[in-house]
Amino acid sequence: MGNPREGAEISFTDVSEGFFGYKAWMVRLRVLVIGRVQGVGFRMVTRSLAIDHELTGWVRNEPDGSVLMEVQGSEERVGDCLEALKRRMKMNIHEMQVTSETPIGDEEAFVIRR
């Protein structure tokens, strides 16, 4: 399992209703990505990877040229998704600042925000 940030505090929520058809411990991370991440398809790649990993959340461009996202799912899937994003966009990412957020129970998709 990929660890998005060694030593990060992560909030867990027990989703008794199920998430993508199974019961799981959910995490939600807010990730600020700094680098050459606008105008290079970064949000589309992020959305595609999040969908592939069955995650919910959102991604958007920030006015300062960074990209901000919130990604939610099982700890393993979130970590794997962020590791895949780092591999796929390694030439564009200079830094990823990760913080834990409270999971949102009724979120159903991963979307690109404008």
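Rounded to the nearest 0.05, what FRET efficiency is calculated for D106 and E83 with R0 set to 35 Å and r the Cβ-Cβ distance?
0.80
Calculate the radius of gyration of the Cα atoms of the stretch 13-112 to one decimal place, then report Dmax, the largest Cα-Cα distance, as a whole number, both in Å.
So, for the stretch 13-112, Rg and Dmax equal 13.1, 40 Å respectively.
Under a plain spin-label model, where a point goes 7 Å from the Cα along Cα-to-Cβ, how far apart in nm are R30 and Q97?
For the pair R30/Q97, the computed spacing is 1.0 nm.
How much of the calculated P(r) for the stretch 38-79 lies past 13 Å, in percent of all Cα pairs?
52 percent
What is the spin-label model distance, in nm, from K90 to E76 if the labels are put 7 Å beyond Cα along the C-beta direction?
2.5 nm
Quick note: the coordinates plus some simple rules give every number you see, no bench work behind them. Note that this is a predicted model, so its numbers are computed, not measured. FYI the Cβ positions are ideal-geometry reconstructions off the backbone, even for glycines, and counts take in every protein chain you see.
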